[in-house]
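Working notes, structure below.
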Amino acid sequence: MPITDRILAGLHALPGATDAALRASTRLGTRGAPAEVRLSGDDRPLPASLAPSSVVSVSHGYFAATGVRLASGRTFNDLDREGTVPVAIIKEWAARRWWPGESALGKTFRIDSAPGAGVTLTVVGVARDNKAAQPNVLLSGEGPEVYRPYLQAPSAFPTFLVRVDRRMAPAGVLRSFRAALVASVPDRPVFVSLV
């Protein structure tokens, strides 16, 4: 079992935990050379104002853990893994601008993050507009956001999230959360915070 799965199982088992998930944000492109995003059937890349600057890889429990609802389609599941059709969930913001007046479900787009390195993604869901993945909610703006299944786009540095019963004392939850992470990855620095 991969370490991330063991950590998630441990977090699900915490007293008061109702959901657990992980996410990792990967910047697209390089400095001075942003990634190009092309909608299928269009030779021109999207203008920078309509293209995502990063992709958020998430486990299949992410949307439940963050309380983000889908406007249409489905969330990720364990079948969305390496070797299967690359899929994505986009926010309503992108769906409205990329395919105005049409359903985004089943549509495809290509992200070329570097010369010769790209992937074509099929939209399986549209998430309600939200700022759950933004590092600073107060300063973040609306824009295109692309989610990918963590099993198709893993990262060495994920962030783990736990949704807990509101009746639980925050200090106790943080201690349990930190202890579970330290036990799973004793050789890595661990930072925990309450949101």
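So the values come out like this:
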item: Out of L28, L14, L8, sole residue that is on the phi < 0 side of the Ramachandran plot, at pLDDT below 90 and in contact with a helix residue (DSSP H, G or I) (Cβ under 6 Å, 6 or more places away or on another chain); result: L14
item: Restricting the range 99-158 to residues that are closer than 24 Å to L8 by Cβ, small (G, A, S) and modelled with pLDDT under 85, the residue that is least open to solvent (accessible area, probe 1.4 Å); result: A133
item: Residue list for the range 31-59, restricted to those being assigned to a loop (DSSP other than H, G, I, E, B), touching a Ser or Thr at 6+ places or on another chain (Cβ under 6 Å) and surrounded by fewer than 19 Cβ atoms within 10 Å (Cβ to Cβ); result: S40
item: Hey, A104 in contact (Cβ under 8 Å) with a residue 12 or more places away in the chain and in a helix (DSSP H, G or I) or not; result: no
item: Failed criterion for T75 (all others in (1) among the polar types (S, T, N, Q); (2) at pLDDT 95 or above; (3) open to solvent by less than 50 Å² (accessible area, probe 1.4 Å) hold); result: (3)
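The values are calculated or read from the model by the stated rules, or taken from the named source; none is laboratory data. Fair warning: this is a prediction, and the values are worked out from it, not measured in the lab. Note: ideal-geometry Cβ built from the backbone for every residue, glycine included; neighbour counts use all protein chains shown. The protein model used for the area step is the full one, side chains on, heavy atoms only, and it has no ligands, DNA or RNA in it. Shrake-Rupley method; radii C 1.70, N 1.55, O 1.52, S 1.80 Å.
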